[in-house]
Every structure is written in structure tokens, then in C-alpha cells.
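The values are calculated or read from the model by the stated rules, or taken from the named source; none is laboratory data. Values in this document were obtained by computation on a predicted structure and should not be read as measured data. Quick reminder, even Gly has a Cβ in these numbers, built from the backbone with ideal geometry, and neighbours come from all protein chains shown. These accessible areas exclude ligands, DNA and RNA; they are computed on the full protein's heavy atoms, side chains included. Shrake-Rupley method; radii C 1.70, N 1.55, O 1.52, S 1.80 Å.
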Amino acid sequence: MHIEPLSIAGAFVVTPRQFPDDRGVFLESFRGDRLAEHLGHRPDIVQTNVSVSARGTVRGIHFADVPPGQGKYVTALTGSLVDYVIDVRVGSPTFGQWEAVTLDTTDRRAVYLSEGLGHAFCALEDDTTAMYLCTATYNPTGEHGIHPLDAEVGLTLPDGIEPLLSAKDEAAPTLADAAASGLLPTYAACTAWAATLAERPR
């Protein structure tokens, strides 16, 4: 398993080693101990989410209040998607920037996003199944969104995609409006929370 940091602090792309034979393929899809080597703490996975999406579905940009935030480990079980990591942490050196990673059933890569980062994805095929391992359970009062097509963020969708959004995501504020309203997490709070997590026994 190869774990590589992205340009946004706290985000990583994970490429598993696959063992194919005439029966199929085997791989380790998640290793908390290996992630701990990069995070400074072992992610405490307490909830698993699965979404099935039609081609063109855009989910996000979603983020949670910090603390506790919600770290996410995202991979594609079927189909393929473009996964976006967006830095929505006020005061971060990469605030407003994003990276994209294609997740599919060929390379079987995953993306880990630390608490405080924004997340979105775009499904490239019908019946694309994404699985999220989460470090916190769903908290409706602490979960927020930014419009995924906000021009200031400027996410680049794949060619030929007609985006399909939920009513909730369609009504989400822009990054500027979310910042002005105090909705966004701060880089200082996220850094302090990561330090707190690192102090916990592994």
C-alpha cells in the first residue's frame, strides 16, 4: 500500500497493492496503522456510508464543524468517480484550492480527507458506488455545504458531464458567503484538533 500526500495538508491518496489470480483479485483496502504513520494518529472509524450515483451526479461540497469534524476515507466499489478535496479552512495556506483524484475499480485507489476539509465527487458512470469510512457519525447540526459549482472554487468537471445536484447542494452558499457568515472551520482549529487526536493512545 502506497500512501502519498496531496498538496493540501491533511489529504492523502492511497494506492493499494493488488494480488490478482485466476479467481479474481485480493487487496487490503484500508490500513489504519499505515495511515497513522502519516496522520500522527490512527483514524477512529465509527461509521460507514455508501452512496450509489447515476452518471453526472455531483455530491458536495460537504464539510463539518471542527471539533470534532469528520475525516473520510473514500473509495469506489463499482463504477468510477472524480473525487475532489477542497480546502475550506480559513487561514490555511491553500485556502480555496482543490485537488482531484479519479477513483475506480482498476487502480482501486482511495482518498483520505482529514477533519475540516471539504469533499465532493462526480460520478462518471451509472450505478457508481462510493464507500466512505468516517471518523464521526452524522451530525445534522454540524454538517454544512458549499455549492459545488461555485465559480470562485472552480471545480473542473469531466468533459461531457451534465451535473445532477440534490436540492440541498443546489441551495448551498458560495465559499465567500460561507466565509462571511462564519460557517467555515479555521485552520487553527483544525490544527489544534489534529494535535489533540495525536495525543490519544493508538
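Summed over the residues of the chain and divided among them, the accessible surface reaches 48 Å² per residue at a probe radius of 1.4 Å. A cut-off of 5 Å between modelled amide H atoms, ignoring neighbours fewer than 5 places along the same chain, links L77 with T129, A130, M131.
Could you sort 58-64, 138-144 so that the peptide with the highest average Cβ count within 10 Å comes first and the rest follow in order? Let's see the in-between values first.
Values: 58-64: 24.0, 138-144: 11.7.
Per-residue Cβ counts within 10 Å, averaged per peptide and sorted highest first, yield 58-64, 138-144.
Judged by the mean number of other Cβ atoms found within 10 Å, the most tightly packed of the peptides 164-172, 72-80 leads the ranking 72-80, 164-172.
Could you tell me which of rounded, prolate or oblate describes the stretch 1-135, using a ≥ b ≥ c as the square roots of the eigenvalues of the alpha-carbon gyration tensor, with rounded for a/c under 1.5 and, failing that, prolate when a/b is larger than b/c and oblate otherwise? Verdict is oblate for the stretch 1-135.
Suppose accessible area is computed on protein heavy atoms with a 1.4 Å probe; arrange W98, W193 from highest to lowest.
Values: W98 75, W193 50 Å².
Putting W98, W193 in descending order of accessible area: W98, W193.
Using a simple charge model, +1 on the beta-carbon of Lys and Arg, -1 on the beta-carbon of Asp and Glu, nothing else, what dipole does the stretch 128-186 show about its Cα centre, in debye to the nearest 20?
With Lys and Arg at +1 and Asp and Glu at -1, about 240 debye.
The modelled label-to-label distance between T174 and Y138, using points 7 Å beyond Cα along the C-beta direction, is 3.0 nm. Full extension of the chain between T78 and A198 yields a length gain of 39.8 nm, computed as 0.36 nm times the residue separation minus the alpha carbon distance.
Rounded to a whole number, what % of the accessible area of the stretch 1-93 do carbon and sulfur atoms account for, probe 1.4 Å?
Numbers: 2190 of 4280 Å².
Carbon-and-sulfur percentage of accessible area, whole number: 51.
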